[in-house]
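Worksheet: the structure to be examined is printed underneath.
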Amino acid sequence: MKTKRTNRSSPNYETFLSGSHNVVRNSEESNQQQVIILAGPHKTASSSIQYNLMRWFGDTNDTLGLQKRWSFDSPIKIFQEEGCVSALRYPYQVFYWLVQAILENPTKCRSNELTGEIIYTREEMLELYTRRFRESWSRGKSIIIATEAIDTANSIQYAGTSNELLLKLLQLLPSSSTGYGSRRFYEKTTAVIMYRSPRIQQLQSMWFQHTKDKRNQNLTFSQYLGKIRSNLNMLNPLDSFNLAKQFLILGAQVILIDMSGIKAAQEDISCVVGCKILEGHCRGNDCNATFTRLNAANYSGRDRKMDVSNENLIKINEAIKLYDCQHYPWLNDNKDLIIMYPFDLQSHLSWCQEQPQQRMMYLSNLTTEEARRVLVLAIDKIITSD
């Protein structure tokens, strides 16, 4: 694995533009069990990746050779046998429901979707998942969890060193080769997190997802931005860097994937996961995946709701980039952070480095809530100039 380091304080850039590489911690001991958490965030092709994982692990021929080493096991068959409509329609979302149960939120398949009758208590629901993890681990398998719902860990109420959501998640996972229940992730746990750019495109996709709800279907982009003012947690999916930080604090390795670099390399995000993270037996970069068309449908039929000019969309993009710069100091040099396919992200970090020192000191000292309020104020100022 070749590492490109531009200077002593540069991040660990891993280009991975071709070929097969092992990028997990202590890769020379690849026979040891691992935990891989594909943590999204929202609007970064998570559903496509999860769908392809379902295909690969449902392939009786095990074309990629993943099934001997890895487990993508879950209670999905139990939910389907019980007639849970969501499990039949959207089986790849099964780990989303795990996070919902951890958070004590309304959870798919916990109750009969027609009668409302409770089938499982929250504890019973979590036990269904934990049992699968333990059974897979006892068979010597490494564990894969995949859900964009983990970006809830970016919520303001979890800011600080003790992230309640991630702490509850790791209680369900092995914390050593034999044990459970630690307050730090098992040493060979890797969180895979996507970074999407231009930054404004992810925000636009978040808006479009929001308008899929019939109650919000006529919401313009500026109206959506206005709603963020009263609910700063709506920005959770934008915060890939903060999500990475939360995992690092709790002892996990983090692989941050720059999606613009994958596009520049003319590769597919699902194949990057299957071939280079999970080390499947791929033919070059061909992983037998359903090609990921990132949010291709998200742009149809919404021009009439876009009431912010292109010029101001560019300004909002710059505001989001500056918001991201609050994380530049710790991104600089962290032995447990790997950046794959650096492209726009590398330019972004260089842009942060060029900002006035006083501005960078101000940003780095802000809390998550303070930084988001500064971003919202900047966006408000931009859109009111339209």
> Within the stretch 281-290, which residues are out of contact with any Cys (no Cβ under 6 Å at 6 or more places or on another chain) and part of a loop (DSSP other than H, G, I, E, B)?
Replying inline: HIS281, GLY284, ASN288, THR290
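A quick yes/no check of all residues on (1) among the aromatic types (Phe, Trp, Tyr); (2) more than 15 Å from VAL192 (Cβ to Cβ):
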site: SER46; (1), (2): no, no
site: PHE57; (1), (2): yes, yes
site: ARG69; (1), (2): no, yes
site: SER74; (1), (2): no, yes
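Going by what's in this entry, would ILE150 be described as touching a residue at least 40 places away in the same chain (Cβ under 8 Å) and open to solvent by 40 Å² or more (accessible area, probe 1.4 Å)?
Details: touching a residue at least 40 places away in the same chain (Cβ under 8 Å): yes; open to solvent by 40 Å² or more (accessible area, probe 1.4 Å): no.
When the stated conditions are applied, ILE150 does not pass them.
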> In this structure, does LEU53 turn out to be open to solvent by less than 40 Å² (accessible area, probe 1.4 Å), closer than 30 Å to ASN285 by Cα, of a type in the set (A, V, I, L, M, F, W, C) and in a loop (DSSP other than H, G, I, E, B)?
Replying inline: no
> Only one of (1) assigned to a helix (DSSP H, G or I); (2) farther than 17 Å from PHE133 by Cα is not met by VAL94, so which one is it?
Replying inline: (2)
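Can you go through LEU278, LEU331, LEU366 and tell me which one is within 20 Å of the chain's Cα centre (by Cα) and either at pLDDT below 95 or of a type outside the set (A, V, I, L, M) (or both)?
Just a single option satisfies the conditions, and that option is LEU331.
For the stretch 104-115, does any single residue satisfy the condition of being within 20 Å of ALA244 (Cβ to Cβ) and surrounded by 22 or more Cβ atoms within 10 Å (Cβ to Cβ)?
Residues of the stretch 104-115 within 20 Å of ALA244 (Cβ to Cβ): none.
Scanning the stretch 104-115, I find no residue that is within 20 Å of ALA244 (Cβ to Cβ) and surrounded by 22 or more Cβ atoms within 10 Å (Cβ to Cβ), so the answer is no.
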>> Please verify whether CYS287 is touching a Gly at 6+ places or on another chain (Cβ under 6 Å) and at pLDDT below 95, treating the condition exactly as stated.
In response: yes
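The values are calculated or read from the model by the stated rules, or taken from the named source; none is laboratory data. From a predicted model like this one, the values you see are computed outputs, not experimental measurements. Here the Cβ is made from the backbone with ideal geometry for all residues, glycine too, and neighbour counts use every protein chain on show. Remember, those area values only see protein heavy atoms, side chains included, never the ligands or the DNA or RNA. Shrake-Rupley method; radii C 1.70, N 1.55, O 1.52, S 1.80 Å.
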